[in-house]
Amino acid sequence: MVEWVVSRLQAHGLDPLVVTNEEIADEVAASVDCGVVVNPDPGAGRTGTLQVGIGHIGTGAGQRILVVPVDRPGFSDSTLETLLDSTATSCPTQGGRGGHPILLSAEDAAKVVEGSPSAPLRNLINPVRIEVTDPYLRLNVDRPEDLDWLADAFAGL
């Protein structure tokens, strides 16, 4: 799944960085052609994982960061293109509920770095919400039974 998400991003000219835990780092690195860094403390929180990635990339002037959780792969190419055209922190929305990926402006990436590793991202940033019609935007692959839905989503993306 990581390989598939990375290849989708690379097809759009992006240079992904995968942040993972130590237990699967070798397997992930062998499956992708991009940078892979290890989060030394994944138990600190999801924002902590994002902080590791941002720390590796940096928050230079104009630097935007696309946050793409591998377990939330239900975005379409058109949604990705819309996000990439944005200059502000943005996220796709469907039916009033935000989704992924999230595009961070350099200013908001700096706010994330300054936040607590356990703070929910929604408490640190306020993205512009872009309404989309992706049928699988809310797809969340957390359990083995979610993989059944994933096959249908891959065919539709």
Using the Kyte-Doolittle scale, which helices in the chain average at least -1.0 and also have C-alpha atoms spread 30 Å or more along the helix axis, with helices defined as whole DSSP H runs?
none
³J(HN,Hα) across segment 65-72 via Karplus (A = 6.51, B = -1.76, C = 1.60, θ = phi - 60°), whole Hz, x for Gly/Pro?
10, 9, 9, 10, x, 5, 7, 10
What ranking, highest mean first, results for peptides 37-44, 98-105 when packing means the other Cβ atoms within 10 Å averaged over each residue?
98-105, 37-44
Per residue of segment 86-101, in order, report the coupling 6.51 cos²θ - 1.76 cosθ + 1.60 (Karplus, θ = phi - 60°) as ³J(HN,Hα) in whole Hz, putting x for Gly and Pro.
7, 9, 9, 4, 9, 8, x, 9, 9, x, x, 10, x, x, 10, x
Hey, can you grab everything whose amide H is under 5 Å from the amide H of residue 67? Only 5+ residues off in sequence or another chain; H modelled, so Pro and N-termini drop out.
102, 103, 104
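Over the residues of segment 70-157, compute the C-alpha Rg and express it relative to 2.2 N^0.38 Å.
1.15
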Starting from one equal scatterer on each C-alpha and no solvent at all, send me the Debye-based log10 I(q)/I(0) for the chain at q = 0.12, 0.14, 0.18 Å⁻¹, two decimals.
-0.50, -0.70, -1.23
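No value in this document is a laboratory result; all are computed from the given coordinates. All figures in this text were calculated on a predicted structure; none of them were measured in a lab. Virtual Cβ from ideal backbone geometry, glycine too; neighbours counted across all protein chains shown.
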